[in-house]
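Encoded as structure tokens, the structure appears first; notes follow it.
What follows draws every value from the coordinates through simple rules; no lab data is involved. On a predicted model such as this, the values are computed, not experimentally measured, just so you know. In this analysis, Cβ positions are derived from the backbone assuming ideal geometry, glycine residues included, and neighbour counts consider all displayed protein chains.
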Amino acid sequence: MSGRPWLIAVAVEGVNLPRFLRRAGEMGLLLTGVRIRGKHLSAFAREDDVTPLRMMAENGGWRFSVGNRQGTGRLMTWIRHRLALLSALMLGIGALIGASQVMWRVEIENAGIYAADLPEYLQALGITPPMRKSDVHPGQLRDLLEWRYPETAWVECGWRGMTLLIRVVNGVPAGTPLSETGAGDVVAARDGIVDSIRTKAGTALVQPGDVVRKGQILIRGEERTGSGVRAVSARGVVMARVWDAAAVRMDLTELHTSYSGRTEESVSVISPWFALWHEPESAFHQADVSRRTLPLGGFFLPLTCVWEKRYECEITKQNRANEEITAEASIAALRKLREIIGTNESLVDKWVNCSMIDHEVLLAVATGERLVDIAEQIPSGAPTK
């Protein structure tokens, strides 16, 4: 007996089953977990004892059957039958673990004026995908970027999965503070026609009805005293009529699609750098395309399966009715005007002018008139924007 560590379930059917057990004991064949119900006996035997037990049962007239391995033996059988699957699974897990240690992509957000220079600087530093994540140190990279780009408030560098995320927060220059006692003027924040002026401090230089330009001084930061002039921080409210405009262009034609009923389907697998196989060329001259994508390896394996279904169609241009497109363009221009000035702002008057360009495009310009305070404080002698 080699004494293998696992057991096998056996079953014996027949009469005088105690005699079977007695003979097995005389032959040194060990049975455990014995259960006898009528003419049926079930037990567990060592794998090396199965063959002698089978021969003894056949000689004694008993029916003998063998079941599955138990304990460690069952596990070994399960592994042997699925060895190829387990090997593929382990290779897949190893590939995923390896891919998770690699930077596959660099994403830059809110780079602003540094949008062109930042990628080139990263390339000069040797940070180009794909590369090992352990070779990239986000903290050191953040310090380098903040030193190189002083106009930024701060830079955030970190990992989002396998992507190196760089988020730039641009700084806002602080304005020059004005105090109640410091000298300063009130200038026009925008062009307009003065409707009313109320001076709280300083000397008014304009009156209702005057046309003013952006940056023009409205209230001088000076006041007369009994012995001369003293500098003050000019303050006041200057209400003026101002105009805002919004333009919308609309094509005088629209596209109509007619479907023939013929379709094509294709499947392709792509990655950020190459395609395992390319999509076949379409046999249709014109077609609508429905596309569905599915990541094959999830977040760690950058492979994407793309399903495309093409519907053959014919696309033609047709002229639209002038009344319809004029009404649509006017509404769109007024909506855009509201987006510019704000939905809560009230208008004194509004109108829309429409004109045609080369008999192909309709230009709608919406103009709105409103009353706003155009007063803006600046230090005396400071340049106007």
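For the chain, set up a Gaussian network in which alpha carbons nearer than 10 Å are linked by springs, and say which option among Glu265, Glu279, Glu339 fluctuates the most.
Of Glu265, Glu279, Glu339, the most mobile in the Gaussian network model is Glu339.
At what distance in angstrom do the alpha carbon centres of the stretch 267-283 and the stretch 98-116 lie from each other?
25
Give me the lysines in straight-line cross-link reach of Lys350: C-alpha distance below 22 Å, same-chain residues under 8 apart excluded.
Here the lysines satisfying the reach criterion relative to Lys350 are Lys336.
Taking H as built 1.01 Å from N, whose amide H comes closer than 5 Å to the amide H of Thr152, not counting residues under 5 places away?
Residues meeting the amide H criterion: Gly171.
Once the other residues with Cβ under 12 Å from the Cβ of Thr257 are scored (Lys, Arg +1; Asp, Glu -1), what is the net sum?
Around Thr257, the charge tally is -3.
Run through every distinct alpha carbon pair of the stretch 102-170 and return the Kirkwood hydrodynamic radius in angstroms, one decimal place. Don't skip to the end; give the middle numbers.
Details: mean 1/r = 0.0835 Å⁻¹.
After inverting the mean inverse Cα-Cα distance, the result is 12.0 Å.
How large is Rg over Rh for the stretch 253-319, taking Rg from the Cα atoms and Rh as the Kirkwood inverse mean of 1/r across Cα pairs?
Rg/Rh: 1.13.
Taking H placed 1.01 Å from N in the peptide plane, check which residues at least 5 places from Arg190 or on another chain put their amide H under 5 Å from its amide H.
Gly215
Would you work out which of Met356, Ile341, Pro302 lies farthest towards the positive end of the dipole of the stretch 299-380? Charges go on Cβ: Lys and Arg +1, Asp and Glu -1.
Value: Pro302.
Where does the charge balance sit around Arg167 when Lys and Arg score +1, Asp and Glu -1, over other residues with C-beta under 12 Å from its C-beta?
Charge balance in the 12 Å sphere: -1.
How large is the charge dipole for the chain, taken about the Cα centre, if only the Cβ atoms of Lys, Arg (+1) and Asp, Glu (-1) carry charge, to the nearest 20 debye?
2840
Roughly how many whole Å is it from the C-alpha centroid of the stretch 121-169 to that of the stretch 353-378?
44
Under a 5 Å amide H to amide H cut-off, with H placed in plane at 1.01 Å, what residues pair with Lys350 once short-range neighbours are removed?
It is Glu369, by chain and number.
With the dipole of the chain worked out from charges on the C-beta (+1 for Lys and Arg, -1 for Asp and Glu) around the Cα centre, which of Leu165, Ala375, Asn322 lies farthest toward the positive end?
It is Leu165, whose Cα lies furthest towards the positive end.
Using only helices, what value at 222 nm comes out for the chain when you add -39,500 (n - 2.57) per DSSP H run of length 4 or more and divide by the total residues, to the nearest 500 deg cm²/dmol?
Estimated from H runs of four or more residues: -7000 deg cm²/dmol.
How big is the gap, in Å, between the Cα center of the stretch 33-73 and the Cα center of the stretch 189-220?
The two parts, judged by their Cα centres, are 110 Å apart.
Of the labelled options (i) 0.95; (ii) 1.63; (iii) 2.02, which one gives Cα Rg over 2.2 N^0.38 Å as computed for this structure?
(iii)
Would the stretch 141-284 count as rounded, prolate or oblate if I go by the C-alpha gyration tensor, calling it rounded below 1.5 in a/c and otherwise prolate when a/b exceeds b/c, oblate otherwise?
Cα axes put the stretch 141-284 in the oblate bin.
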